[in-house]
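What follows is a single structure, written as structure tokens, with notes after it.
The values are calculated or read from the model by the stated rules, or taken from the named source; none is laboratory data. Bear in mind the structure is a predicted one, so any value in this text is a computation, not a measurement. Positions of Cβ are backbone-derived with ideal geometry, glycine not excepted, and every protein chain shown enters the neighbour counts. SASA here: full protein model, heavy atoms, side chains in, ligands and nucleic acids out. Shrake-Rupley method; radii C 1.70, N 1.55, O 1.52, S 1.80 Å.
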Amino acid sequence: MHHDGTPVTFAPYACNILVSGPSGTGKSTFATGLIERLTDRHYQLCIIDPEGDYSTLDDIVTVGSRVRAPHMGEILERLSDPEAQVVVNLLGMPLRERPDFFSQLFPRLQALRARTGRPHWLLIDEVHHLLPAQWGLAPSTLPQRLGETILITYRPREVSASIPGQLVDTAVAVGPSPKATLAELAAALGTAPPQTPAGKPSATKWWCGSAAPVPTRLPQS
């Protein structure tokens, strides 16, 4: 809800959301709220989870663990069930191998979406691990346009420069310094930072996007 009590919404189709803010400030909590709302409406999600934050959610099928890297075939098999919400847990995979794994998985997910329309939404946590700024394959891995995706990172500037401009419609800044987070995002986008409304910024979430170029202050959840 908006701070004045009116609903804050996002489009269920052709929308990309970036959630950003310092570590430990509630990005995963915010994302979990989005997940719950989407699953309540029977959308299928595939969650790419580098840190094991989502495996304990209700009615979730997890592929991979702390001791076992996920297998590509198992991920696609699980997603073949329209009722399955699938978490791809990358804890069992070395950090250096994750971008290459993602570059193989992502086109398969896109092909599945083109063929079946599912998974309806992708959530990519710690996106700077999977598409880091120094990784040269990001432009060839990603399509020109991608919808129905939630990206989470603690530092937008550490994500490949090919991503923000094509993948971000709406941004959510979480934590005690939302103005600084939005300024960093604007720098990654190559645009001027948005003007933020007056008010106490501490531990506040802000929402800005094509429908609301001036950020909107959200209440504490």
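Rounded, prolate or oblate: which one fits the stretch 63-109, using the alpha carbon gyration tensor with axes a ≥ b ≥ c (rounded when a/c is under 1.5, else prolate when a/b beats b/c, else oblate)? Kindly include the intermediate steps, with their values, before the conclusion.
Working: a/c = 2.68, a/b = 1.44, b/c = 1.86.
Oblate, because a/c is 1.5 or more while a/b does not exceed b/c.
Rounded to the nearest 10 Å², what accessible area does Thr116 show when all protein chains are kept and the probe is 1.4 Å?
The accessible area comes out at roughly 60 Å².
Given a Förster distance of 22 Å, report the FRET efficiency between Ser23 and Thr56 from their Cβ-Cβ distance, rounded to the nearest 0.05.
About 0.70, to the nearest 0.05.
Give, as ranges by residue number, the residues of the stretch 78-120 whose backbone N falls under 17 Å from the point 7 Å along Cα→Cβ of Arg41.
Of the residues in the stretch 78-120, 118-120 have backbone N under 17 Å from the label point off Arg41.
Can you pull the three principal axis extents for the Cα set of the stretch 1-120, in Å, largest first?
Computed over the stretch 1-120, the largest-to-smallest principal extents equal 46, 35, 25 Å.
As a test of reading the structure, rank Tyr154, Tyr13 by solvent-accessible area (1.4 Å probe, protein chains only), most first. Walk me through the intermediate numbers first.
On the way: Tyr154 75, Tyr13 170 Å².
In descending accessible area the options line up as Tyr13, Tyr154.
Ordered by residue, what ³J(HN,Hα) values in Hz, to whole numbers, does the stretch 51-65 give under the Karplus form 6.51 cos²θ - 1.76 cosθ + 1.60, where θ = phi - 60° and Gly and Pro are x?
So the J values, rounded to whole Hz, are 10, x, 7, 10, 5, 8, 5, 5, 6, 10, 9, 9, 10, x, 7.
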